[in-house]
Amino acid sequence: MKKSWHIERRHMLRGIGATVALPFLEAMMPSSRVLAQEAEDVAKSAGALGAEGQKVRFTGVFMPNGFDHSRFTPKRSNLDELSPILSPLEGLQDYVNVVTNMNSVGGHALGTAGMLTGSTPVKTPNASDLDVLHPSIDQIIGQATKHTTVLPSLELATHTPRSGTSMNGFTEIYTSFMSYRSANTPVPPEIDPMRAFDRLFKNARLSSDKSARKKADIIAPNKSVLDLVLDNAKSLQRRLGRSDQQKLEEYLTAVREIEEKAANASANNKELTITSEVLKNISATRRDIRKAYGGGEEDNIKTVPNLSYQDHIRLQFEIIALALWSNTTRSATFMFGDGLNARNVSFIDGVSGNHHTISHHGDKAENLEIFAKINTFFVAEYANFLKRLEGMKEGSSNVLENSICYMSSNISTGQSHNGRSMPAIIAGHAGGSLKGNRHIDAKGAPSGDALRSVLHEMKVRGRIGEGNGRLSGLT
């Protein structure tokens, strides 16, 4: 018989037409007997568990255009002395493993599609013939753990997809997507923070009156998710201990803040509203852009996101962090850009120009210094995300402790378009089983070994990557 203060791990706040998942609370802590049974059954149903029964999560992060190895590679086998590019990870070393010298799939297109599959895609110019050989690791994990979450997986990005064929003769689908539900099915990432937020937290549908309940529901987009579940939240707080009350309050505050940020960004877009009349005058070469923002031939008003690149990155990372914390999903991915990423990054101090052009540094010292600043920017944003996870408490632990985060690229260096000597930054303790503060020389092992190690730590089975082993020194 359960104690009156015990609540289920999958308990949600509920309101009229709305549900909000909860972070891990002490009141959800299973008894030692239940915890032992869960650990025994983990391989067949739930994926890996932390020391107190928390679910272990996965996040894959894509950084385009490669690394400046001279300023990236650690000098020692530990991370006590961080390289310049890795310097934003200061204070996180205990959670981090830096892997170098992997052999990976390489290229702007093939390397992007292969980063989370570990396999070389079939080389084809036709989107209808694309083949990445098997699902990407995030989808394998998402499918294995989907019965423990609201959504199997979450895919976010900041770029609009490309169409057509790349200069190397490959379909641009490969350049644009890194998540694949099957060998032939890419998963498009969501680039709009408001839509991503609504997908995760805002499933609110209100009927106008009792007589209309059998009719189509009416969406109430301006109604706050938290307002809809407020009564249930207050009722739950009265039953919780002081520590859980504080934790629940922090979580709900975080949800409210991200809701307001997304709403503010949407409000700022009103001056950039594009009507159907304007859309009719957009040239054929802009059709893909219009579709990326949800346009079509019908008469609709569409809104262009009005966020700086850095703000866009941080808002998307915040949405992922909340999704993991609330156990809305246990598998997420984020792309800083597509596999070419010709975005202007002149907002970075000491940088002038677009990322792709600067990545072709010619091995010149002055160019490499600028390229390294772009690398450092991306590592800093990744570090901010990791620190956010570390600050999200659950039991006596935190979300980063109960996660595996994998960040890598599509090419090893910007100058040579291959995957030789590919690095990766792997963070989190996988619930306590994965050590940190290590620099691991892969000695030419395939990136598939690292991905299989991640699956091993997640207690998930699946075919992934070239080779058949796990990365020595990591697990």
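Throughout, read-outs are computed from the coordinates displayed, never taken from laboratory work. Note that the coordinates shown come from a computational prediction; the quantities given were computed from them, not determined experimentally. We place every Cβ from the backbone using ideal geometry, glycine too, and count neighbours over all the protein chains shown.
Backbone amide hydrogens, once placed in the peptide plane, bring Thr165 within less than 5 Å of Glu172, excluding anything fewer than 5 places away on its chain. Modelled label positions at Lys435 and Ala51, each set 7 Å beyond Cα in the direction of Cβ, lie 1.6 nm from each other.
Segment Asn78..Asn168, full-extension length gain: 28.5 nm, with 0.36 nm per residue of separation and the alpha-carbon distance subtracted. One compactness figure for the range 345-430 is 1.34, namely its Cα radius of gyration divided by 2.2 N^0.38 Å.
Close amide-amide hydrogen proximity is noted between Thr413 and Phe67, Asn418, each under 5 Å apart and 5 or more residues distant or on a separate chain (H modeled in the peptide plane; Pro and chain starts excluded). Phi angles across the range 165-171 convert, under the Karplus curve 6.51 cos²θ - 1.76 cosθ + 1.60 with θ = phi - 60°, into 3J(HN,Hα) values of 10, 6, 5, 8, x, 10, 4 Hz, Gly and Pro given as x. Note on the range 408-472: with charges restricted to the Cβ of Lys and Arg (+1) and Asp and Glu (-1), its dipole about the Cα centre is near 180 debye. Applying 1/(1 + (r/R0)^6) with R0 = 25 Å to the Cβ-Cβ distance of Ser182 and Arg343, what FRET efficiency is obtained, to the nearest 0.05? Here the calculated transfer efficiency is 0.25.
Per-residue Karplus couplings for the range 54-70, computed as 6.51 cos²θ - 1.76 cosθ + 1.60 with θ equal to phi - 60°, are listed in order as 5, 6, 8, 10, 10, 9, x, 10, 9, 10, x, 6, x, 10, 8, 4, 5 Hz, Gly and Pro entered as x. Subtracting the Cα-Cα distance of Ser128 and Asn468 from their residue separation scaled by 0.36 nm leaves 119.5 nm. Along the axis of the charge dipole computed for the range 375-437 (Cβ charges of +1 for Lys and Arg, -1 for Asp and Glu, origin at the Cα centre), the listed residues Ala427, Ser403, Ser416 are led at the positive end by Ser416. Taking amide H as placed 1.01 Å from N in the peptide plane, Arg343 has its amide H under 5 Å from the amide H of His355, His356, each at least 5 places away in sequence or on another chain.
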